[in-house]
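Report on the following structure.
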Amino acid sequence: MKEKLQLIKSEALSAIAADNADLEQIRIKYLGKKGELTAVLRGMGALSPEERPIVGQIANEVRAQIEEAIAERSALLKQLELEKKLAEEKIDVTMPAAEMKVGMLHPLTKVQRTIEEIFIGMGFSIAEGPEVELDYYNFQALNIPENHPARDTQDTFYITDNILLRSQTSPVQVRTMEKQKPPIRVISPGRVYRSDAVDATHSPLFHQVEGLVVDKGVTMGDLKGMLETFAKTLFGENTRLRFRPHHFPFTEPSAEVDVSCFVCGGEGCRVCKNEGWIEILGAGMVHPFVLSNCGIDPEEYSGFAFGMGVERIAMKYYGIDDMRHLYENDVRFLEQF
Ligand code: DAH
């Protein structure tokens, strides 16, 4: 039995010392309930009373030695593992940090918000309307008759005969006047749709900001003064305005409005195509038919309205020469603004 114990001891110790030793398996194999050392101890009943304490003592010593060897080896393996980890995970604090990408507002959003802020500063509030609109609001109530070219399916996306994707933000004028009695002072920014092929200056989806003021005694002078304040705030103090007579069915009289070129001041340059002026919006006095279509008495009230394209203004403002850049979402383009 003593020899058996010595054998167990030397086997166990060499197993523990082996490379990639599984210490838990070894513990179970020799010291576990069904382990080899336990089996020897169980067999001690067969020994003579003199031998029993001697063998018992040896057995205890063997157990203690195996336990100690396991503990030592386990501590060593842990230490080696830690050292290996530390060596692998060395941090070079002088290395440049990983770049952190921070998002930003799209140039169109920036320009739209700037426009909104200028008008909010002048006492306007923001009105919204649906992008899927009734023919009545997009055309009819705005005094755009049945046979008007703007109604052509070439220009407008129709969903049914009388439902369409709004081709302008002007229908929000009608919706606002139906809901709210004068005094009215609103702007309405939003998406509009036209059946245009994509090119450097056209997109089937673009953005407009509409404006509407209705009150007693509103004149074209008010329109000019308000637009001048707007243009000077957006393009700079020296900006001048030019009103060119035009036709819109929903305003009378109507005008197209240009600003003096904010790059060359009117001398002529690449941005204004040597004209010295940049067209930025359409405007006019709200047509009496439109007022009465909305239940507002044109004898008592008058108003002005205007509408501008956000893309156009953003492109001029930032010197962007192709509208497609605004929609392609190429980060190399977008991060310039
Ligand atoms: N709705 C016009 C367009 O899309 C722009 C416009 C012109 C709006 C004159 C107005 C306005 O309110 O008075 O071309």
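With the Kirkwood sum run over all distinct C-alpha pairs, the stretch 58-173 has a hydrodynamic radius of 22.4 Å.
So with the 1.4 Å probe, I'd like the accessible area per residue for the stretch 2-88, rounded to whole Å².
69
For the chain, CYS294 stand unpaired, since no other cysteine beta carbon lies under 4.7 Å from theirs. Atom-type composition of the exposed protein surface of the stretch 2-88 places 56 percent of the accessible area on carbon and sulfur (1.4 angstrom probe).
Distance between the C-alpha centers of the stretch 137-198 and the stretch 43-114? Whole Å please. Answer, in whole Å: 71.
Across the options GLY43, GLY32, LEU5, the greatest Cα extent toward the positive end of the charge dipole of the stretch 2-88 (unit charges at beta carbon of Lys, Arg, Asp, Glu) belongs to GLY43.
Multiplying the residue separation of TYR318 and ILE126 by 0.36 nm and subtracting their alpha-carbon distance yields 66.6 nm.
What the Cα convex hull of the stretch 137-270 gives, in volume per residue, is 139 Å³. Computed over protein heavy atoms with a 1.4 Å probe, the carbon and sulfur contribution to the accessible area of the stretch 141-235 reaches 50%. Where q = 0.11, 0.12, 0.13 Å⁻¹, what log10 of I(q)/I(0) comes from the Debye formula for the chain, counting one point per Cα? Values, matching the q order: -0.81, -0.91, -1.01. In this rough spin-label picture, where each label sits 7 Å from Cα along the Cβ direction, the GLU72-THR160 distance is 9.2 nm. Taking the helices alone, the chain has a mean residue ellipticity at 222 nm of -12500 deg cm²/dmol, built from -39,500 (n - 2.57) per DSSP H run of at least 4 residues and averaged over all its residues.
Taking label points 7 Å from Cα along the Cα-to-Cβ direction, CYS269 and GLU81 give a separation of 6.9 nm. Rg/Rh for the stretch 2-88 stands at 1.12; both radii use Cα atoms, and Rh follows the Kirkwood definition. For MET177, MET1, the ranking by accessible surface with the largest value first comes to MET1, MET177, using a 1.4 Å probe. Please find the FRET efficiency linking ALA98 to LYS224, where r is the Cβ-Cβ separation and R0 is fixed at 51 Å, and quote it to the nearest 0.05. E between ALA98 and LYS224, to the nearest 0.05, is 0.40. Computed over protein heavy atoms with a 1.4 Å probe, the carbon and sulfur contribution to the accessible area of the stretch 259-337 reaches 45%.
Suppose all protein chains stay in the model; what accessible area per residue would a 1.4 Å probe give for the stretch 107-334, in Å²? The partial results should precede the final answer.
Working: 10870 Å² over 228 residues.
Result: 48 Å² of accessible area for each residue.
Projecting the Cα atoms of PRO130, ALA59, PHE306 onto the charge dipole of the chain (Cβ charges, centred on the Cα centre) puts ALA59 farthest toward the positive pole. In the frame of its principal axes, the stretch 187-337 has Cα extents of 54, 35, 23 Å, reported largest first. With both labels modelled 7 Å from their Cα along Cα-to-Cβ, the GLN65 to LEU23 distance reads 1.9 nm. Placing unit charges on the Cβ atoms only, positive for Lys and Arg and negative for Asp and Glu, gives the stretch 1-73 a dipole magnitude near 320 debye about its Cα centre.
The values are calculated or read from the model by the stated rules, or taken from the named source; none is laboratory data. A quick note: this is a predicted structure, and the numbers were derived from the prediction, not measured. Heads up, the Cβs are rebuilt from the backbone with ideal geometry, glycines too, and the neighbour counts pull from every protein chain shown. Ligands, DNA and RNA are stripped out before the accessible areas are found, and what is left, the full protein with its side chains, is counted by its heavy atoms. Shrake-Rupley method; radii C 1.70, N 1.55, O 1.52, S 1.80 Å.
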